[in-house]
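The block underneath contains the structure these notes are about, expressed in structure tokens.
The values are calculated or read from the model by the stated rules, or taken from the named source; none is laboratory data. Bear in mind the structure is a predicted one, so any value in this text is a computation, not a measurement. Because the Cβ atoms are built from the backbone with ideal geometry, glycine has one as well, and the counts that use them run over all protein chains shown. Quick note on the areas: whole protein, heavy atoms, side chains included, nothing else; ligands and nucleic acids left out. Shrake-Rupley method; radii C 1.70, N 1.55, O 1.52, S 1.80 Å.
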Number of protein chains: 2
Amino acid sequence: VTGPATPIDRELNRWTIQSSFSVRYEVEETPDLLNPNNPKLRVPPLGDGTDSGTRLVVLDHSIDALYGPRIRRYFSMNGADVDYLALPCAEEFKSIDPVLKIVTRLNEIGTYRLSNPPIAIGGGVLTDVVGLATSLYRRGIPYVRVPTTLLSQIDVSVAAKTGINFGGYRNRIGTYSPAAKTLIDRSFLATLPDRHLRNGMGEVLKMALISSARLFDLLDEFGAELVESRFQAGETAAEVIALAVGGMAMELEPNLWEKDLCRAVDYGHSFSPLVEMRALPDLLHGEAVALDCVFSAILAARRRLIQESTLDRIVAVTRRLGLPVVHDLFLDTDLLAEALADCVRHRNGNQNLPLLTEIGRVRFVNDLTRNEIAAAVDVMKTYR
Amino acid sequence: VTGPATPIDRELNRWTIQSSFSVRYEVEETPDLLNPNNPKLRVPPLGDGTDSGTRLVVLDHSIDALYGPRIRRYFSMNGADVDYLALPCAEEFKSIDPVLKIVTRLNEIGTYRLSNPPIAIGGGVLTDVVGLATSLYRRGIPYVRVPTTLLSQIDVSVAAKTGINFGGYRNRIGTYSPAAKTLIDRSFLATLPDRHLRNGMGEVLKMALISSARLFDLLDEFGAELVESRFQAGETAAEVIALAVGGMAMELEPNLWEKDLCRAVDYGHSFSPLVEMRALPDLLHGEAVALDCVFSAILAARRRLIQESTLDRIVAVTRRLGLPVVHDLFLDTDLLAEALADCVRHRNGNQNLPLLTEIGRVRFVNDLTRNEIAAAVDVMKTYR
């Protein structure tokens, strides 16, 4: 045996491993994304920018129906080597099955570790599922994300979260895996059904309530008009997107992996996840979030954290955006208490419940009682 | 509308997000882990060290059969609130099903985000599956890992990787998610079947070849004896574990998320993954790795990177450890070329094939030809 004997101290046969991991990714608005002369969609975001191998383009069924021919023309006119997979897009399909279907296709295509990243074009369900599949394939490959609904353009663009529903719980299985690049083209909103456009306003409303009185004022004054014009033109539409997505970037960037479990962006997401799951397919995500925003505002007003007039204004703006301010399941104290209990497990033993102290600012409370929930239910009932 | 108008420059509606994430975790040898007076296993690794809620203990079937009563006594004598789940442990069961079974149980138990981390006690298949399930549950909760086979004590202890097999490919789905704490107790090896002990030696052999001439000398001189004594006593057993696990820590810590795709620890893992999958259940992981170590040494000798005498010594030591040095599937040039092609996709277009330049050191090559594979097959044939 060569070499010195390794000193062995039985007390010291112990290793501490420390390592860190950095991400850097981009979110940008890109008008005219499907114009064959626009290179943004086809150029891979990493490496030397040259394609290597077939790329998988995953579409949700509604995007495939509305934009399938334009998307195929875009890639074929660019001579890009792509393969397509279309998947259903409603919340009920957010399960392990489409994740495994995507992984199977990546295997068939022979996807590389880095240089032929898949492209996801669709709403939040589709981007969450593709995000999860790519974060698991070979323990993580990059992907490009094109959110096509207002909800996903606001809620998903900056976020690192991927996920599927499981066992009756929303996003119970998932990862943190931001897209290498997210491209926002508002022209997709031109074909979005009315209800889905209002649905997206639920997340804009949340961002206004937690981070920007100006954004709330814009919604108050121009919200209905923005819904009607589908964000297609005007300075206001651009500013609303800038404030909502920019606000999200400011909230998420310092806490991307949720090491801090006090998150202002959880506003509207404490009672709603369980309600949304139980209501399926009755409530869309942004509708459930809007209901939670209103319910939480009632809780804040009853604690005198905000004035009654502020609550009234929130309810009025929510209604004006065409979003619900009352729903049967939000009048079920037992269900709301159960939702909060799961939230407490998710926030590791604390309620960390964000409540408004004014428009644009939250505080976290940890002592909400069942009686307060019941009393808020009584207030919400009057909004029928 | 209050507040200044947000300056909107259509060219600037773009956000770059940068964030980083740190991990710190411990690996330690702990004799007498199941002694009820030893607190190591029951004290949660995070938070204030107090238990909060039921903890799930996941065992593989062989551990449950051999140690189930002692494990239950350990927790019950400590008054710990635990629930048990036993799962099959062979490579063929490393699929999505046990992952979802674990998630279902975590839901039933009401597992928190941090304070009641599950405990995995078993071989590498079990710890890989529990690692994946916990990394996905609520987008990641901590877990504690007790590898009970020699293979997993060497190969899994320091590693961040979790995974399941999919579509005929080994670990095609997985995450990087190191256990918050890994506890190694060599006394589990006392009941390990002979073949599984030799199997673990496959990974020890790999660590010796890539990082430590002294470890190789120890295997040469004491390897057979270590297998016979099952690592239960003596300075040599402790030193072999220290060198193999410590070597792994040095290799993995600077590249935990595999940003660098030139990895010395991939030695023995270029041709073997596909061969192992095709051979199931005929070859164990460490056996497939040993075959790849020998095959890669043949390639190195043919390129005159190592001397013939070094190759002969590697073959002799591998045989002496009771590991295979030839296998029908390693004589199939087509299959080996296919395995290398998948490796190239995994290493993003490069072979990055580690070959020995001496015992304890590798170099990466990117120009291996099919002819070289075929010629190495002819050499391996002579080892029958």
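Residues considered: B:LEU215, B:LEU209, B:LEU205, B:LEU183. Of these, the only one that is within 15 Å of the chain's Cα centre (by Cα), within 29 Å of B:ALA297 (Cα to Cα) and hydrophobic (A, V, I, L, M, F, W, C) is B:LEU205.
Among the residues of the stretch B:142-189, none is identified as among the charged types (D, E, K, R), more than 14 Å from chain A (Cβ to nearest Cβ) and within 19 Å of B:ASN35 (Cα to Cα). Just one of the listed residues (B:GLU287, B:GLU276) is among the charged types (D, E, K, R), touching a Pro at 6+ places or on another chain (Cβ under 9 Å) and surrounded by 15 or more Cβ atoms within 10 Å (Cβ to Cβ), and it is B:GLU287.
Going by the structure shown, is B:LEU218 outside any helix (DSSP H, G or I) and at the interface with another protein chain (Cβ under 10 Å from one of its Cβ atoms)? No; evaluated as a whole, the condition is false for this residue. Taking the criterion of being surrounded by 15 or more Cβ atoms within 10 Å (Cβ to Cβ) and in contact (Cβ under 8 Å) with a residue 60 or more places away in the chain, the residues of the stretch A:70-97 that qualify are A:GLU91, A:LYS94, A:ILE96.
Taking the numbered list (1) of a type in the set (Val, Ile, Thr); (2) more than 14 Å from chain A (Cβ to nearest Cβ); (3) surrounded by fewer than 16 Cβ atoms within 10 Å (Cβ to Cβ); (4) touching a strand residue (DSSP E or B) at 6+ places or on another chain (Cβ under 7 Å) in turn, B:THR16 passes all entries but (2). All conditions in (1) touching a residue at least 40 places away in the same chain (Cβ under 8 Å); (2) within 16 Å of the chain's Cα centre (by Cα); (3) over 20 Å from B:ALA80 (Cβ atoms) hold for B:LYS161, with the sole exception of (1). Criterion applied to B:ALA208, B:ALA238, B:ALA249, B:ALA190 was being assigned to a helix (DSSP H, G or I) and modelled with pLDDT under 95, and the one residue passing it is B:ALA238.
Restricted to the stretch A:229-251, and to residues there that are surrounded by 20 or more Cβ atoms within 10 Å (Cβ to Cβ) and touching a residue at least 60 places away in the same chain (Cβ under 8 Å), the residue that is farthest from the other protein chains (Cβ to nearest Cβ) is A:PHE231.
Put simply, of A:LEU33, A:LEU56, A:LEU41 the only residue that is at pLDDT 95 or above, within 14 Å of another protein chain (Cβ to nearest Cβ), surrounded by 15 or more Cβ atoms within 10 Å (Cβ to Cβ) and outside any strand (DSSP E or B) is A:LEU33.
Within the stretch A:124-136, being open to solvent by 10 Å² or more (accessible area, probe 1.4 Å) and in contact (Cβ under 8 Å) with a residue 60 or more places away in the chain holds for A:GLY124, A:VAL125. Would you check if A:VAL326 is open to solvent by less than 30 Å² (accessible area, probe 1.4 Å), more than 14 Å from chain B (Cβ to nearest Cβ) and closer than 27 Å to A:GLU228 by Cα? Taking the combined requirement at face value, the residue does not satisfy it. When B:THR333, B:THR310, B:THR369, B:THR318 are checked against the criterion of being among the polar types (S, T, N, Q) and open to solvent by less than 10 Å² (accessible area, probe 1.4 Å), B:THR318 stands alone in meeting it.
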